[in-house]
Amino acid sequence: MKPKVSPLLALLLLAGATSADAVPWAVQVRNAAGQPLADAAVAVELNGKPVKTTTAKAEMGQRDRQFTPQFLVIQTGTAVNFPNFDTVRHHVYSFSPIKVFETKLYSGTPSEPIVFDKPGVATLGCNIHDRMSAHIVVVDTPIFARTDASGIARFDLPPGEHQLKLWHISLKKDQLQAQPLAVSASGGGQTVITLAE
Ligand SMILES: [Cu+2]
């Protein structure tokens, strides 16, 4: 026998589903002088919501003796490949506490990706080419974005009190800045963040 749902109960269920829906929310990142910062990493940790571990993959290539991209935002657990598109060999390393590794002189793609299993920021370098530098920002959430030219990252978030994690190269440290983020049910809001430098 099928359980019957009364029209009133159906309405209540519908109302409940609606109030939990994600709403559009923008985060703008500015520097101490009030200027918008492009290419900042913005991540949102939803309070009280356990995060599933990821098996995502990402790529940090080397082309024309530079890393490409210059920075990558990934969820903790992501496996990163380091394909070398140059004819010269590279020797990629990180001494950052979240991931210490080196891939000795190589061309092509190393067979084993590097799994970034701790949150934080890894600074990459190349032993052969001193000017090569890039960052991998690792966050404990699947909700992340990088800011556009207006310093804005856009999200769809459930209303509530959440946690923001931010990083920009001007912070000059391997740590994300954390601060609370309040998202109201009406949505369409914007939170402006000034990065501490
Ligand atoms: Cu190199």
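The values are calculated or read from the model by the stated rules, or taken from the named source; none is laboratory data. Here the structure is a predicted model, which is why all the values come from computation and not from measurement. Virtual Cβ from ideal backbone geometry, glycine too; neighbours counted across all protein chains shown.
Taking region 129-178 only, how many residues are at positive phi and either buried (at least 18 other Cβ atoms within 10 Å of the Cβ) or among the β-branched types (V, I, T) (or both)?
Let us first name the residues in region 129-178 that are at positive phi, namely 151, 160, 172.
If we keep only those that are either buried (at least 18 other Cβ atoms within 10 Å of the Cβ) or among the β-branched types (V, I, T) (or both) as well, we get 151.
Total satisfying the criteria: 1.
Of the residues F116, F67, only one is within 16 Å of the ligand (Cβ to nearest atom), surrounded by 15 or more Cβ atoms within 10 Å (Cβ to Cβ), at pLDDT 95 or above and not acidic (D, E); which?
Testing whether each residue is within 16 Å of the ligand (Cβ to nearest atom), surrounded by 15 or more Cβ atoms within 10 Å (Cβ to Cβ), at pLDDT 95 or above and not acidic (D, E) leaves just F67.
Can you find, within region 179-195, the residue that is surrounded by the most Cβ atoms within 10 Å (Cβ to Cβ) among those that are out of contact with any Phe, Trp or Tyr (no Cβ under 8 Å at 6 or more places or on another chain) and either under 23 Å from A134 (Cβ atoms) or of a type in the set (S, T, N, Q) (or both)? Residue satisfying both the conditions and the ranking: L195.
For (1) outside any strand (DSSP E or B); (2) away from the ligand (no atom under 16 Å from the Cβ), each residue gets a yes or a no:
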{"residue": "S96", "(1), (2)": "yes, yes"}
{"residue": "L105", "(1), (2)": "no, no"}
{"residue": "T123", "(1), (2)": "no, no"}
{"residue": "A134", "(1), (2)": "no, no"}
{"residue": "A149", "(1), (2)": "yes, yes"}
{"residue": "E161", "(1), (2)": "no, yes"}
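Here F82 clears all of (1) in contact with a Pro (Cβ under 9 Å, 6 or more places away or on another chain); (2) within 24 Å of N47 (Cα to Cα) except the condition numbered (2). Condition check for L72 on (1) within 14 Å of the ligand (Cβ to nearest atom); (2) surrounded by 18 or more Cβ atoms within 10 Å (Cβ to Cβ); (3) not polar (S, T, N, Q): one failure, at (1).
For region 75-94, a residue qualifies if it is within 14 Å of the ligand (Cβ to nearest atom), of a type outside the set (K, R) and not in a strand (DSSP E or B), and the qualifying residues are F82, P83, F85, D86, T87, V88. Note on region 99-112: residues that are under 23 Å from the mean Cα position of the chain (by Cα) and either crowded, with 17+ Cβ neighbours inside 10 Å or more than 19 Å from E59 (Cβ to Cβ) (or both) total 2. Being of a type in the set (S, T, N, Q), surrounded by 12 or more Cβ atoms within 10 Å (Cβ to Cβ) and more than 16 Å from the ligand (Cβ to nearest atom) is the requirement here; does T55 meet it? No.
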